[in-house]
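What follows is one structure encoded as structure tokens, with my remarks underneath.
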Amino acid sequence: MRILVPVKRVVDANVRVRVSASGVIDTGGLKMSLNPFDECAVEKALQLREAGVATRVTVLTCGHATSQDVLRTALAMGADDAVLIDTGAASATLDSLAVARLLRAYMAAGDFGLVLCGKQAIDSDIGGVAAMLAALLDWPQALNASALSARSGHWQVTCGDDGGTSTWELDGPGVISADLRLAEPRRVTLPSIVKAKQKPLVMIDGASLGVDLTPRTTIVELRDPPVREAGIKVANTAALLDALAAHHPFDNLGANA
């Protein structure tokens, strides 16, 4: 069984970005890295292969040729092969639906038993690709997975959100999106980086897949978050309770302050 792991190249999680005067984030000169959620997905896919559940792990990204660096990182982690779908000028406006359509078009020529991806990219935080791809493939899905195991032809997935935790069983091929708790990514060593250069990395012209990449979503406005206001000091617990009550924190919860 083959596992497909879609990944994305994003500004490194440790880099602080700013919105320019023109209303865009200039990534020039900034360190770019493999999206952290996708990194966890790659690690889990490798663990499944090492456990004998899967035979091959393929990583894929959509964008410019510069995205090869994150594919090489995934290859250095242990992925077997990589695919770059070059979308050329359309890369700047790729949205979740366009990426999902590209993935489905690519998967038509392969035999994959699982798509395992990060639950969201840290640059846009939309998290729509997994659900959209599952709908296009008509496969079952499990989002925000914190645990995953294979059981007699089924995928047992533990998913969590603000409302609690649930465990699902997916029958047959499925699409699963990874939370950061799913796996701890392994450290990439220098020898593995050297070996990764010998692994296959295929480049595909996005136009050859015949997918409409017209964006269905647009960014209306992009701005820095408001500056945080200075806090206040209180003398005792009673003053703290009075200060909290003044903001009426429980008004929308059906309780009295």
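The values are calculated or read from the model by the stated rules, or taken from the named source; none is laboratory data. Predicted, not measured: the structure shown is a model, and the values here were computed from it. Note: ideal-geometry Cβ built from the backbone for every residue, glycine included; neighbour counts use all protein chains shown.
Within segment 187-207, is even one residue exposed (fewer than 10 other Cβ atoms within 10 Å of the Cβ) and part of a helix (DSSP H, G or I)? Scanning segment 187-207 turns up at least one residue that is exposed (fewer than 10 other Cβ atoms within 10 Å of the Cβ) and part of a helix (DSSP H, G or I). For segment 122-137, indicate whether the set of residues that are in a loop (DSSP other than H, G, I, E, B), at pLDDT below 95, acidic (D, E) and on the phi > 0 side of the Ramachandran plot is non-empty. Yes, the conditions are met somewhere in segment 122-137. Just wondering, is there one or more residues in segment 116-128 that are surrounded by 21 or more Cβ atoms within 10 Å (Cβ to Cβ), closer than 27 Å to R223 by Cα, touching a helix residue (DSSP H, G or I) at 6+ places or on another chain (Cβ under 9 Å) and among the small types (G, A, S)? Within segment 116-128 (the criterion being surrounded by 21 or more Cβ atoms within 10 Å (Cβ to Cβ), closer than 27 Å to R223 by Cα, touching a helix residue (DSSP H, G or I) at 6+ places or on another chain (Cβ under 9 Å) and among the small types (G, A, S)), the answer is yes, since at least one residue qualifies.
For segment 19-56, give me each residue that is closer than 30 Å to V220 by Cα and part of a loop (DSSP other than H, G, I, E, B).
Looking only at segment 19-56, we keep the residues that are closer than 30 Å to V220 by Cα, and these are 19-39.
Answer for segment 19-56, where residues must be closer than 30 Å to V220 by Cα and part of a loop (DSSP other than H, G, I, E, B): S20, A21, S22, G23, V24, D26, T27, G28, G29, L30, K31, N35.
Scanning segment 150-168 for residues that are surrounded by fewer than 13 Cβ atoms within 10 Å (Cβ to Cβ) and part of a strand (DSSP E or B) yields R151, D161, G164, T165, S166, T167. I'd like to know if segment 10-18 contains one or more residues that are farther than 20 Å from A130 by Cβ and not in a loop (DSSP other than H, G, I, E, B). For segment 10-18, residues farther than 20 Å from A130 by Cβ and not in a loop (DSSP other than H, G, I, E, B): present.
Checked against the criterion of being over 24 Å from L48 (Cα atoms) and surrounded by 10 or more Cβ atoms within 10 Å (Cβ to Cβ), the candidates I232, I219 yield just one match: I219. The residues of segment 138-165 that are farther than 19 Å from A45 by Cβ and modelled with pLDDT under 90, listed by number, are S152, G160, D161, D162, G163, G164, T165. Number of residues in segment 49-62 that are crowded, with 21+ Cβ neighbours inside 10 Å and either acidic (D, E) or within 17 Å of D111 (Cα to Cα) (or both) equals 5. The residue of segment 57-67 that is farthest from V99 (Cα to Cα), among those that are over 15 Å from the mean Cα position of the chain (by Cα) and at pLDDT 95 or above, is V57.
Does segment 71-84 contain any residue that is part of a loop (DSSP other than H, G, I, E, B), in contact with a Gly (Cβ under 9 Å, 6 or more places away or on another chain) and not basic (K, R)?
Taking segment 71-84 as the starting set, the residues that turn out to be part of a loop (DSSP other than H, G, I, E, B) are 78-80.
Now restrict to residues that are in contact with a Gly (Cβ under 9 Å, 6 or more places away or on another chain): none.
No - not one qualifying residue is present in segment 71-84.
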